[in-house]
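Trainee: Pasting a structure below so you can have a look.
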Amino acid sequence: MRFFITITVLSLFSFGAKSAPSLENFFKGKSKLKNPFSLRDPFRAPINTGVTKKGGEGKGIVIGNEYSNVPKIGQVKLNEIKIIGILVGKNRKAIARIGDKKETFILEEGMKLGIEAAELKAILPAGIVLVERIVNVYGQEEYLETVIPISQK
């Protein structure tokens, strides 16, 4: 009797397994992803192919061991720089725009900015402090500090 019950239960499971949809057809109509099993694991770092692209729009930049697609700030006037955000933490960073352009730049302490090569001395919660070295009329070196607050727009 037990043998008959065991065979009946096993046959029911095998028929149920055959009627279940396969994994390839399981996601059809439930997801907009065409092939969800081909996606990489989100908890692992992307595989580095060793190909480096430099400059240009939409291309990444490799600096040392860091890969970044954030453009670097060039020779601009200091009065055109707008600070739109500050990241406060162990390594402080500022997010800036040049004029009315949509392109954003990441600023770090110690960077040289502008035509005058002003050094970014401090990133504070309310803005940034730039220091530039100039020679005055008498031939003496002077240091000018420029504070650029966070933009309100």
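Trainee: Within the stretch 88-122, work out how many residues are touching a helix residue (DSSP H, G or I) at 6+ places or on another chain (Cβ under 8 Å), of a type in the set (G, A, S) and more than 15 Å from S151 (Cα to Cα).
Mentor: Matching residues across the stretch 88-122 total 2.
Trainee: If a residue must be open to solvent by 60 Å² or more (accessible area, probe 1.4 Å) and either over 17 Å from Q152 (Cβ atoms) or in a loop (DSSP other than H, G, I, E, B) (or both), how many such residues does the stretch 79-93 contain?
Mentor: Number satisfying all stated conditions: 5.
Trainee: Evaluate the stretch 137-148: report whether one residue or more is open to solvent by less than 90 Å² (accessible area, probe 1.4 Å), modelled with pLDDT of 90 or more and within 21 Å of the chain's Cα centre (by Cα).
Mentor: Within the stretch 137-148, not a single residue is open to solvent by less than 90 Å² (accessible area, probe 1.4 Å), modelled with pLDDT of 90 or more and within 21 Å of the chain's Cα centre (by Cα).
Trainee: So, one more: Under 9 Å between Cβ atoms, which residue pairs at least 6 apart in sequence (or on different chains) link something in the stretch 127-153 that is part of a strand (DSSP E or B) with a partner that is open to solvent by less than 70 Å² (accessible area, probe 1.4 Å) and of a type in the set (S, T, N, Q)?
Mentor: What qualifies is I128/T146; V129/T146; L130/T146; V131/T146; E132/T146; E142/N136.
Trainee: Output the residue which, of all residues in the stretch 102-126 that are part of a loop (DSSP other than H, G, I, E, B) and either of a type in the set (S, T, Y) or farther than 15 Å from L78 by Cα (or both), is least open to solvent (accessible area, probe 1.4 Å).
Mentor: Only one residue tops the list, namely G110.
The values are calculated or read from the model by the stated rules, or taken from the named source; none is laboratory data. Please read all numbers here as calculations on a predicted model, not as lab measurements. Heads up, the Cβs are rebuilt from the backbone with ideal geometry, glycines too, and the neighbour counts pull from every protein chain shown. Just so you know, the surface numbers come from the protein's heavy atoms only, side chains and all, with ligands and any DNA or RNA stripped out. Shrake-Rupley method; radii C 1.70, N 1.55, O 1.52, S 1.80 Å.
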